[in-house]
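I have placed the structure first, in the form of structure tokens, so that the comments after it can refer back to it.
The values are calculated or read from the model by the stated rules, or taken from the named source; none is laboratory data. Here the structure is a predicted model, which means the values were calculated and not measured. Cβ: placed from backbone, ideal geometry, glycine included. Neighbour counts: every protein chain shown. Quick note on the areas: whole protein, heavy atoms, side chains included, nothing else; ligands and nucleic acids left out. Shrake-Rupley method; radii C 1.70, N 1.55, O 1.52, S 1.80 Å.
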There are 2 protein chains.
Amino acid sequence: MDRVPVLKLGDVLIVSIQVDLQDQGVLALQEDLADAVVATGARGVIIDITAVEIVDSFIGRMLATIASISRMLDAETVVVGMRPAVAITLVELGLSLGGVRTALNLEKGVALLNSSEDTQIAAAAR
Amino acid sequence: MDRVPVLKLGDVLIVSIQVDLQDQGVLALQEDLADAVVATGARGVIIDITAVEIVDSFIGRMLATIASISRMLDAETVVVGMRPAVAITLVELGLSLGGVRTALNLEKGVALLNSSEDTQIAAAAR
């Protein structure tokens, strides 16, 4: 059980991070996720970090990198389920996760992706 | 990171099992899931076991127990993402997971829950 599963639901991919990822695991996740975005044509990636209790600059960078890769592949990343302590630590570390959108939970993350889709369609129709 | 997160999406709860659960972890998951079913009024529970590569009778029993608890609380359980090797092992162990519905992936699991909901509504309307 060393790979984090990438779940697909509609045109959104869901990743729930539950294990302490080391370098190898992060690289594998980034690869799996990039492959999945291309294979499925997903327009959104939701990273759930409900289970993450302690965060460091390594995880902060991982989230930013995943968001950048997804953006290259035309998918938007939303980080959901962040604990208050994790948010405090990230800010204290100077990692404000620029470019990564956040939502309180999975439902709100999906709603956020849907609403930005609508905005894009409206903008394209103009 | 010792608790498996229970994600809510609409009236479905999603649990992705990624770590080797020991007795304590299984009990915690069963409690969290039962609490979440009651708190959210969820009508379906989806257990994703994509990341589970090796299965034993312990995990097989856990899945059956979660399904029984959910049924008591008026929610249906669907196990998704089972690997072929896991299916073979479960049958060889004599664990056919009676009472647990399965689907190939998360999408099909959600579709299964929606279709059985429709059937129930149709049956109730008769």
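Take each complete run of DSSP H in chain B, measure how far its Cα atoms stretch along the helix's own axis, and keep only those covering 15 Å or more with mean Kyte-Doolittle hydropathy at least -0.5; list them. Numbers along the way, then the final one.
Working: long enough: B:23-40 (25 Å, 0.51); B:57-72 (22 Å, 0.94); B:106-125 (29 Å, 0.25).
Answer set is B:23-40, B:57-72, B:106-125.
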_For residue A:102, residues with placed amide H under 5 Å, excluding near neighbours_ = A:79
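Roughly how many debye, to the nearest 20, is the charge dipole of the stretch B:6-125 about its Cα centre, given +1 on each Lys and Arg Cβ, -1 on each Asp and Glu Cβ, and no other charges?
Numbers: 7 positive and 15 negative charges, 49 e Å.
That gives a dipole near 240 debye.
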*asked:* Using a probe radius of 1.4 Å on heavy atoms only, what accessible surface per residue do you get for the stretch A:6-125? Whole Å² is fine.
replied: 48
*Residues residue B:71 and residue A:71, FRET efficiency given R0 of 30 Å [Cβ-Cβ distance, rounded to 0.05]*: 0.10
*Mean projection area, nm², convex hull over Cα of the stretch B:37-110*: 4.7
*If you bin the C-alpha pair distances of the protein assembly as shown every 5 Å from 0, what whole percents do you get?*
1, 6, 13, 17, 19, 16, 13, 8, 4, 2, 1, 0, 0
*Which value, in square angstrom to the nearest 100, describes the accessible area buried between chains A and B on both sides, using a 1.4 angstrom probe?*
2200
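Given all pairs of different Cα atoms, what value in angstroms does the Kirkwood hydrodynamic radius of chain B take?
14.8
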*asked:* Skipping prolines and chain starts, which residues have an amide H placed within reach, meaning under 5 Å, of the one on residue B:9, given they are 5 or more residues away or on another chain?
replied: B:14
*Drop in accessible area of at least 40 Å² in the complex versus isolated chain, residues of the stretch A:1-36, 1.4 Å probe*: A:1, A:5, A:7, A:8, A:9, A:18, A:19
*Could you give the nm distance between label points at residue B:35 and residue A:20, where each point is 7 Å from its Cα heading toward the beta carbon?*
2.4
*Among A:16, A:60, A:78, whose Cα sits farthest toward the positive end of the charge dipole of the stretch A:6-125 (+1 at Cβ of Lys/Arg, -1 at Cβ of Asp/Glu, about the Cα centre)?*
A:78
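Of all accessible surface on chain B at a 1.4 Å probe, what whole percent is carbon and sulfur?
Values: 3550 of 6330 Å².
Carbon and sulfur atoms account for 56 percent of the accessible area of chain B.
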